[in-house]
Each structure stands twice: as C-alpha cells, then as structure tokens.
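**Student:** Quick one: this structure, given as structure tokens, is what I'll be asking you about.
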Amino acid sequence: MTDYLTLLYPWTKALHIMSVITWMAGLFYLPRLFVYHTERSVPGDSRDEVFQIMEHKLLRYIMNPSMIATWLFGLMLLLTPGIVDWASVWPYSKMAGVLVMTWFHHWLGLRRKEFVRGQNTRTGRQHRMMNEVPTLAMVVIVLSVVLKF
C-alpha cells in the first residue's frame, strides 16, 4: 500500500492542491453571497430565492465535494512514507488550520439554513468579518507547509 502511495505522490499532491483551491474559492465566495443576500433582499422576495439557489448550489455541488476531496487527498499525503516529519510543528499547525476551515465550512452551512428559514439575524458587516476566517486559516496552512517550522 505504501509503495502505491509513493508512486501516486505527484498525482495526489496535484489533486490535493486543486481541491484546496476550489474549496477556498467557495469559502471566500459564500460569505460574500451572504453579505449581498442580507443587504439586498428580504425573506420571500425574488432576490431571496435567487440567492438561496446560488448558495445551495455553491455549497452542495462545489464546496462539499471539494472539501471531501481535500480531506481525502490530504490523508493520502499523510500516509505517504517520507512526506510528513511528525517531529516538526508544521503538521500540527497545518492540521489546526484545516480543522478551522472545516469548522467554518459547517458554520456556513448552518447560516445558509437560517436564510432558508428566513431567520438570518446577522448583518452584512458580520458576514464580512467572518469572511476573514478562511484567510487566516490559509495563512497558517501555507506558512506551515512552505516554511516547515
């Protein structure tokens, strides 16, 4: 099995990077949709319906599959011999960043359900502020992997 993972390493790494990029795009865009949804519509109007469709499709068809792919290929990289130095700090700081991004993903899913029920209580400004969470997690992850501290 480990020989197979070593052989697949370049492909696994490439697919991991592509899925991360796709996931991050969604993590940046969905809160922005929430800002516009909050500021430009009211529950039940035609814009509310359009925003709900956009948010649903982004989460269900782009973000969820790319998060799963990111985790799958990331775990394959973890299991590939010689890739991770468990004596270093970087695998743990990267893992913390990934857990924060995963939490944020699920937090966004809960916020989307609030919009569906017409129960959003957050302002556009609050959604803008939460949009910084994936940025901070990305900084931690990239610095961890590149600098390998």
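Each reported figure results from applying straightforward, stated rules to the coordinates on display, with no laboratory input. If you're wondering where the values come from, they're calculated on a predicted model, not measured in any experiment. Virtual Cβ from ideal backbone geometry, glycine too; neighbours counted across all protein chains shown.
**Student:** What is the count of Lys pairs in the chain whose alpha carbons sit under 22 Å apart, if the two are 8 or more places apart or on different chains? Walk me through the numbers on the way to the answer.
**Tutor:** Numbers: K13/K94; K13/K148; K57/K113; K94/K148.
Lysine pairs, 8 or more places apart or on different chains, close enough: 4.
**Student:** OK, next. Tell me, what is the percent relative contact order of the chain, built from C-alpha pairs under 8 Å that lie six or more residues apart?
**Tutor:** Once normalised by length, the contact order is 38 percent.
**Student:** Along the Cα-to-Cβ line of Y9, 7 Å from the Cα, sits a label point; which residues in region 44-86 have backbone N less than 18 Å from it?
**Tutor:** Flagged as within label range: 73-86.
**Student:** Which helices count as membrane-span-like in the chain under these terms: full DSSP H, at least 15 Å along the axis by C-alpha, Kyte-Doolittle mean of 0.5 or more? List each step's numbers first, then the result.
**Tutor:** On the way: long enough: 2-40 (54 Å, 0.41); 46-57 (17 Å, -1.08); 64-79 (23 Å, 1.50); 90-117 (41 Å, -0.14); 133-147 (21 Å, 2.78).
The answer, listed by residue number, is 64-79, 133-147.
**Student:** Could I ask something else about it? FRET efficiency for L99 and R125, Cβ-Cβ distance as r, R0 = 30 Å, nearest 0.05? Don't jump to the answer; show the numbers that get you there.
**Tutor:** Numbers: r = 26 Å, r/R0 = 0.87.
Plugging the Cβ-Cβ distance into 1/(1 + (r/R0)^6) gives 0.70.
**Student:** Rg over Rh of region 70-149, using C-alpha atoms and the Kirkwood radius, what does it come to?
**Tutor:** On the way: Rg = 16.1 Å, Rh = 14.4 Å.
Value, to two decimals: 1.12.
**Student:** Let me ask you something else. Given points 7 Å out from each Cα along the Cα-Cβ axis, report the R32 to L143 separation in nanometres with one decimal.
**Tutor:** Result for the modelled spin labels: 2.4 nm.
**Student:** Hey, what number do you get for the chain at 222 nm if only DSSP H runs of n ≥ 4 count, each worth -39500 (n - 2.57), divided across all residues, to the nearest 500? Don't jump to the answer; show the numbers that get you there.
**Tutor:** Values: 6 runs with 117 residues, N = 149.
Roughly -27000 deg cm²/dmol at 222 nm, from the helical runs in the chain.
**Student:** Assuming a viscosity of 1.306 mPa s and a temperature of 10 °C, what translational diffusion coefficient in µm² per second does Stokes-Einstein assign to the chain, Rh being the Kirkwood radius over Cα pairs? Don't skip to the end; give the middle numbers.
**Tutor:** On the way: Rh = 16.6 Å.
Translational D for this selection: 96 µm²/s.
**Student:** Report the label-to-label distance for V42 and V84 in nanometres (one decimal), using points 7 Å from each Cα along the Cα→Cβ vector.
**Tutor:** 5.1
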